[in-house]
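Notes follow once the structure below has been shown.
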Amino acid sequence: MTPQLQQAIKLLQLSNMELADYDETELAENPLLEWDEGQSDNQRESDRDGDSPDKGPREQAESPDTAQMTNSETLPGDGDSPLDTNYDNVYDGDGIVDVGAPAPMAFADGRDGRGGRRDFADSSNDFDATITREKSLREHLNDQLTVELDEPVERLVGGYLIDLLDDSGWLTTDLDEVAATLNCEIDLLLRVLDVLQEFDPPGVFARNLGECLALQLRELDRLDPLMQGFLDNLELLAKSDLDGLMKACGADADDLAQMIVEIRELNPKPASLFDHEVAQTVTPDILMRAGSDGDWILELNPETLPRVIVNNEYYARVNANTRSKDEKEYVTDRFQSASWLVKSLDQRANTILKVASEIVRQQDAFFRQGVEYLRPLVLRDIAEAIEMHESTVSRVTTNKYIMTPRGIFVLKYFFTSAIAKVGGGEAHSAETVRFKIKALINGETRDNIFSDDRIVEILREDGIEIARRTVAKYRDTLKIPSSVLRRRQKAAAF
């Protein structure tokens, strides 16, 4: 691969913040590059009025300071195209695309995994390694998320909750509101939250001060009943009512003094160890809204689109005044590098929009009806639908966020595991199957308790092929006891 091609591939996997840093570096090193400060919002509106989202890529002859002005002598050849964009382009140049009804999906039986594979381009010249900055709280938590939560939908919910943390590391948003936004049961949120509250730093994801301190004390193995009583009555400590506090938690003066010392050693703001600016809510790369005809409209976020152009006028002036061979080679090299960067940035935006559009088509039911309808999806499905390589789709979906009516999500979260369907055809997502299992059990009566084998039979009748041990595993993750225990509980309640 040429250095230019390696650069284009690396640009794909950068987040918008990393891309901004990269562009700043390139502008500092290349005198032929500059920010496109002359393209006003009015110009963007006039451009948009003249083109329909259904048209192909806009010809940019009206913008002379772009890579479109370069020729075969200054740009790499067709064989060095920076991205494998061998598809009909729907990017309109302003970053808007209309996503219609979801495209038909076909899954092969037995398909698993999340698709994608690393190639030699990933193992060398890693640009990420050149970015020297402290890891943000979000990155720190997401690293733990991928390890601790196996189920894709749980990771999606976990990622959503991570983005809701405030500067202290607390989760102050009402969970009922989150459940309504995602259209999921509160039990799913609480199950995921239990896992998140075990993450480092201790105390993160607390919903109030008492819970924040309790999580840290639990990590230190100091959350005994006496200490829990102390935390339940923190308002008395704030009022300096020590006698009332001792009475409320059943402690003597020495115990109370020791607990106060322990409490003062804790951190009520666990996120303070991280950079607040980096830990703020991410800026989405793609904006999604409902169209007037019921379709989804996707638009690249103009705040994250780099407006970098080649200053052809300056290049022409400098090139005309060069005398030595070395000077001419330097100017030509800088011009080629600048032109390639502009072209790569344009195709990067193009590719992100194309991949995001296909994800929205295939996960249309999730956006309309909620997390229960998240469909099984792997990178291969997207790659085949838009005729790209899986590695390209993998890079595009890394650290790219989309703002949807259900919140902001990283594109990676929409890839889920699948449960095969009887007789082939479209598969069922694992989360959907769990919801069906829970619904069956919730509908049980004292005289009609379903065994795991019976649940397997019912699901098979509904077209879902699943093993008994998988039903047992999903039942355990839902914290539902066995049929024997449920029968006893029903009988006792009666």
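Of note:
- Hits in region 468-491 (condition: of a type in the set (A, V, I, L, M, F, W, C) and closer than 26 Å to Leu189 by Cα): Val471, Ala472, Leu478, Ile480, Leu485
- Count of residues meeting criterion [aromatic (Phe, Trp, Tyr), at pLDDT 90 or above and under 19 Å from the mean Cα position of the chain (by Cα)] in region 149-189: 0
- Matching residues in region 469-485 - criterion: being part of a helix (DSSP H, G or I) and under 19 Å from Val433 (Cβ atoms): Arg469, Thr470, Val471, Ala472, Lys473, Tyr474, Arg475, Asp476, Thr477, Ser483
- In region 358-379, the residues that are over 15 Å from the mean Cα position of the chain (by Cα) and either of a type in the set (S, T, N, Q) or closer than 29 Å to Arg307 by Cα (or both): Glu358, Arg361, Gln362, Gln369
- Of the residues making up region 436-457, those that are loosely packed, with under 15 Cβ neighbours inside 10 Å and either part of a helix (DSSP H, G or I) or basic (Lys, Arg) (or both) are Ala439, Asn442, Arg446, Asp453, Glu457.
- Subset of region 193-220 (residues that are assigned to a helix (DSSP H, G or I) and touching a residue at least 24 places away in the same chain (Cβ under 8 Å)): Leu193, Val195, Leu196, Leu209, Gly210, Cys212, Leu213, Gln216, Leu217
- Of all residues in region 354-371, exactly one satisfies the criterion of being of a type in the set (Asp, Glu) and farther than 14 Å from Gly294 by Cβ, namely Glu358.
- Residues being closer than 21 Å to Ala365 by Cα and loosely packed, with under 15 Cβ neighbours inside 10 Å - total across region 160-182: 2
- Subset of region 460-494 (residues that are hydrophobic (A, V, I, L, M, F, W, C), at pLDDT 85 or above and out of contact with any Leu (no Cβ under 8 Å at 6 or more places or on another chain)): Ala472, Ile480, Val484, Leu485
- On inspection, Val147 passes the criterion of being out of contact with any helix residue (DSSP H, G or I) (no Cβ under 9 Å at 6 or more places or on another chain) and surrounded by fewer than 19 Cβ atoms within 10 Å (Cβ to Cβ).
- Flag if Met388 is more than 19 Å from Leu188 (Cβ to Cβ), among the aliphatic types (A, V, I, L, M) and in a loop (DSSP other than H, G, I, E, B): yes
- The set of residues from region 458-468 being part of a helix (DSSP H, G or I) and surrounded by 13 or more Cβ atoms within 10 Å (Cβ to Cβ) comprises Ile458, Leu459, Arg468.
- Restricting attention to region 310-336 and to residues that are under 12 Å from Pro31 (Cα atoms) and not in a helix (DSSP H, G or I), the residue that is nearest to the chain's Cα centre (by Cα) turns out to be Val310.
- Residue in region 346-358 that is assigned to a helix (DSSP H, G or I), more than 18 Å from Ile286 (Cα to Cα) and touching a residue at least 40 places away in the same chain (Cβ under 8 Å) present: no
The values are calculated or read from the model by the stated rules, or taken from the named source; none is laboratory data. What you see is a predicted model; the values in this text were computed from it and never measured. As a convention, Cβ positions derive from the backbone with ideal geometry for all residues, glycine included, and neighbour counts pool all protein chains shown.
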